[in-house]
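J.: Okay, here's the structure, questions in a sec.
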């Protein structure tokens with residue numbers, strides 16, 4: 001497997017957040033077989049990004065749970081949010 005990536009820098013200002021996640025988040029399925037997907041997560045982060053890192057984590061996990069509506073998760077999920085606060 002070949003994985004391509006880009007190395008660079010981006011500004012990380014006060015109150016900026018870095019959201020890192022595994023595919024267990026974006027591949028969560030609803031009862032209809034639809035995936036949660038990156039676009040849904042991005043939209044949620046853009047709309048709710050002014051929350052604290054802790055509150056944003058809770059918002060994301062609650063949204064994934066609502067979307068999944070009790071469907072069994074077949075993959076592990078990891079979510080990490082880093083926020084510059086000083």
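The values are calculated or read from the model by the stated rules, or taken from the named source; none is laboratory data. Treat the numbers as computed from the prediction; the structure is a model and nothing was measured. Please note: Cβ atoms are built from the backbone with ideal geometry, for glycine as well, and neighbour counts cover all protein chains shown.
J.: So if I check each of 22, 6, 26, which one is on the phi < 0 side of the Ramachandran plot and more than 10 Å from the chain's Cα centre (by Cα)?
T.: The match here is 6.
J.: Hey, another quick one. In segment 76-86, which residues are surrounded by 15 or more Cβ atoms within 10 Å (Cβ to Cβ) and either outside any loop (DSSP other than H, G, I, E, B) or touching a strand residue (DSSP E or B) at 6+ places or on another chain (Cβ under 6 Å) (or both)?
T.: Start the filter on segment 76-86 by keeping residues that are surrounded by 15 or more Cβ atoms within 10 Å (Cβ to Cβ), which leaves 77, 79, 81, 83.
Answer for segment 76-86, where residues must be surrounded by 15 or more Cβ atoms within 10 Å (Cβ to Cβ) and either outside any loop (DSSP other than H, G, I, E, B) or touching a strand residue (DSSP E or B) at 6+ places or on another chain (Cβ under 6 Å) (or both): 79, 81, 83.
J.: List pairs: first in segment 2-30 and within 17 Å of residue 40 (Cβ to Cβ), second in a strand (DSSP E or B) and at pLDDT below 95, Cβ under 9 Å, 6+ apart or cross-chain?
T.: Close Cβ pairs (under 9 Å, with a partner that is in a strand (DSSP E or B) and at pLDDT below 95) amount to 19/82; 20/82.
J.: I would also like to ask the following. Restricted to segment 52-75, and to residues that are in contact with a helix residue (DSSP H, G or I) (Cβ under 9 Å, 6 or more places away or on another chain) and modelled with pLDDT under 95, which residue is surrounded by the most Cβ atoms within 10 Å (Cβ to Cβ)?
T.: Going residue by residue through segment 52-75, those that are in contact with a helix residue (DSSP H, G or I) (Cβ under 9 Å, 6 or more places away or on another chain) are 55-56, 59-61, 63-64, 67, 73-75.
Still in the running and modelled with pLDDT under 95: 73-75.
On the way: 73: 14, 74: 9, 75: 12.
Of everything passing the filter in segment 52-75, 73 is surrounded by the most Cβ atoms within 10 Å (Cβ to Cβ).
J.: Okay, next question. Looking only at segment 1-38, count how many residues are loosely packed, with under 13 Cβ neighbours inside 10 Å and closer than 16 Å to residue 68 by Cα.
T.: 4
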